[in-house]
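Shown next, in structure tokens, is the structure this report addresses.
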Amino acid sequence: MKLVVVSNRVARGNANEPMTGGLAAALLPVVEKSGAIWVGSSGRVRDGAQKEPFAEIEALGAGALAMLDLPAAHYGGYYEGFANSALWPALHSRADLIRASQDDYLSYREVNAFMARALLRFQKPDAAFWIQDYHFLALGAELRDLGVTVPVGFFLHTPWPVRAVMEGVPHHRELIEAMLAYDLIGFQTQDDCENFLEYLSSCLGLESEDGVVISRYGKSRIAVFPIGIDAEKFALHAAKAVSHPDVSRLRRSLNGEKLAIGVDRLDYSKGLINRINAFDRMWTLQPALARTASLLQIATPSRGAIEAYGNLQNELAKLVSDVNGRHGEVDWTPIRYLNKGFSQTVLAGLYRTAQVGVVTPLHDGMNLVAKEYVAAQNPADPGVLVLSKFAGAADELDTALLVNPHDIDGMARTIATALSMPLSERRLRWEAMMDKLRNHTIQQWFADFVEALQATQAYGPAAVPAMMEPPTLWPLRSVNSGVRYH
């Protein structure tokens with residue numbers, strides 16, 4: 001089977017480039033080794049007057065990247081509009097932040113249709129398409145409308161909320177009906193899967209049997225595929241990275257104090273305000289921890305054009321300043337707050353340096369930072385993971401110190417406990433988590449999904465609506481690698 005992976009963003013194979021983690025970082029190593037074609041946005045937009053859009057193709061390990069210029073007229077409405085101002089807040093159970101216009105929704109559908117037409121170039125009898133994340137909920141239906149009958153799967157990297165929240169999304173029924181064009185729909189956790197099935201039952205009147213739902217498109221299998229990391233590879237990165245100049249400078253600056261670390265995109269789902277308040281509360285309740293423990297918080301800006309993100313950045317900066325002003329000394333800064341990204345190599349070294357990893361999202365699909373922190377630890381002297389019970393990773397990493405990110409006092413006490421945990425307990429907790437990371441790798445996740453997608457062929461051909469006219473095939477331009485797709 002020739003696999004075509006599709007996502008909004010793609011990543012290149014350079015461990016020294018800044019990387020914010022998430023979907024792109026997770027997919028990179030498996031695409032490099034699998035020989036798949038990875039299709040996504042080039043990061044540029046094109047003028048609608050341009051007659052023939054193209055994709056740049058370049059080698060990526062054994063596979064290839066195909067990068068498309070998305071249409072300028074619709075990109076804003078698709079990305080900043082419907083995807084990130086309607087779907088993202090809903091998927092993270094923030095119905096109060098849902099904002100979307102009819103034009104945003106139409107742009108979202110236009111970009112999904114645009115991507116579907118571009119993907120026709122990669123359709124072969126033995127091909128399969130694997131679509132990633134909330135940017136392309138309707139892409140499977142667009143492919144079916146164009147006559148595609150090969151297996152098409154979908155994986156959601158975010159949570160899936162309860163029905164009442166999803167009903168707050170404009171055109172939710174139309175979108176979720178379109179999702180059933182996928183042969184296989186994967187979620188991070190069993191709770192996400194059950195929320196989706198409950199929506200199908202309550203809103204669409206569709207019942208499942210052994211995780212299979214029948215719609216006008218045919219059969220769709222709904223299943224759970226928790227994403228992992230390459231723990232052994234990340235551990236090697238961490239061991240080597242201790243000598244990196246950025247990591248060495250950090251270690252020298254600590255002067256024997258303990259360090260907690262948080263690494264997140266600057267996003268309201270990550271619980272950053274609650275986290276800073278918890279550290280403030282900890283130093284207030286236990287003043288003896290002042291000067292003996294500090295926080296390094298890396299918060300990489302994103303989606304700055306969206307009002308909720310701009311407000312969060314301003315609020316967080318003010319809060320950090322207030323906490324530092326309240327607890328800091330002339331020679332000690334409680335919170336080191338950085339608004340920039342670091343490479344995976346440097347991050348691995350920073351994780352290994354920190355005695356506590358603080359991963360406290362209000363809601364998260366998985367959160368690979370939690371898994372990376374564990375993998376980066378020194379086996380002889382591992383740190384402690386403080387983890388939100390509302391992150392998908394908590395289902396697996398149950399020997400972390402699990403917290404409710406809405407309980408500020410509880411988080412403060414737990415962080416203090418982590419800072420003082422004896423070595424014997426730290427080792428036991430770390431070894432249990434590391435065993436799970438080794439047994440549930442990113443490679444295993446990839447293989448499990450592809451195997452399940454292949455198995456959907458046993459369902460028979462997908463139901464494909466009749467087309468009014470044959471689709472247009474778009475030319476593709478290759479660069480760097482000399483690879484060309486026809």
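The values are calculated or read from the model by the stated rules, or taken from the named source; none is laboratory data. Computed from a prediction, not measured in an experiment: that's the story for all the values here. Note that we place each Cβ from the backbone using ideal geometry, even for glycine, and neighbour counts take in every protein chain shown.
Residues A455, A432, A416: which one is touching a Ser or Thr at 6+ places or on another chain (Cβ under 8 Å) and assigned to a helix (DSSP H, G or I)?
Numbers: A455 fails: touching a Ser or Thr at 6+ places or on another chain (Cβ under 8 Å); A416 fails: touching a Ser or Thr at 6+ places or on another chain (Cβ under 8 Å).
It is A432.
For residues in the range 293-332 being farther than 20 Å from G357 by Cβ and among the hydroxyl-bearing types (S, T, Y), which is surrounded by the fewest Cβ atoms within 10 Å (Cβ to Cβ)?
By that ranking, first place goes to S321.
Given the condition modelled with pLDDT of 95 or more, assigned to a helix (DSSP H, G or I) and on the phi < 0 side of the Ramachandran plot, answer yes or no: does some residue in the range 290-310 qualify?
no
For the list (1) part of a helix (DSSP H, G or I); (2) over 22 Å from T456 (Cα atoms); (3) in contact with a helix residue (DSSP H, G or I) (Cβ under 6 Å, 6 or more places away or on another chain), I need the number of the one condition that L106 fails.
(3)
Among the residues in the range 271-278, are any outside any helix (DSSP H, G or I), modelled with pLDDT of 95 or more and within 21 Å of I415 (Cβ to Cβ)?
Here is the first cut: in the range 271-278, the ones outside any helix (DSSP H, G or I) are 271.
The next check asks that each one be modelled with pLDDT of 95 or more; those that pass are 271.
If we keep only those that are within 21 Å of I415 (Cβ to Cβ) as well, we get 271.
Looking through the range 271-278, at least one residue is outside any helix (DSSP H, G or I), modelled with pLDDT of 95 or more and within 21 Å of I415 (Cβ to Cβ).
Suppose we filter T300, T292 for residues that are under 20 Å from T345 (Cα atoms) and polar (S, T, N, Q); which single one remains?
On the way: T292 fails: under 20 Å from T345 (Cα atoms).
It is T300.
Considering every residue within the range 80-100, establish whether at least one is within 21 Å of the chain's Cα centre (by Cα), within 30 Å of K2 (Cα to Cα) and assigned by TED's automatic domain parsing to the domain that holds R163.
Within the range 80-100, one or more residues are within 21 Å of the chain's Cα centre (by Cα), within 30 Å of K2 (Cα to Cα) and assigned by TED's automatic domain parsing to the domain that holds R163.
What tally of residues in the range 54-86 results from selecting those that are aromatic (F, W, Y) and under 18 Å from F122 (Cβ atoms)?
First pass over the range 54-86, keeping only residues aromatic (F, W, Y): 54, 75, 78-79, 82.
Next cut, under 18 Å from F122 (Cβ atoms) only: 54.
Adding up the residues that qualify gives 1.
State which residue pairs qualify: first residue outside the structural domain of D395 (by TED's automatic domain parsing) and inside the range 188-206, second residue among the polar types (S, T, N, Q) in any location, beta carbons under 6 Å apart, and separation of 6 or more residues or different chains.
Taking only residues 6 or more apart or on different chains, the pairs are L197/S208.
Quick check on my filter: what residues within the range 423-453 are farther than 20 Å from A370 by Cα, within 24 Å of the chain's Cα centre (by Cα) and polar (S, T, N, Q)?
none
I'm told R216 meets every condition in (1) in contact (Cβ under 8 Å) with a residue 60 or more places away in the chain; (2) buried (at least 16 other Cβ atoms within 10 Å of the Cβ) except one. Can you identify the failing condition by its number?
The failed condition is (2).
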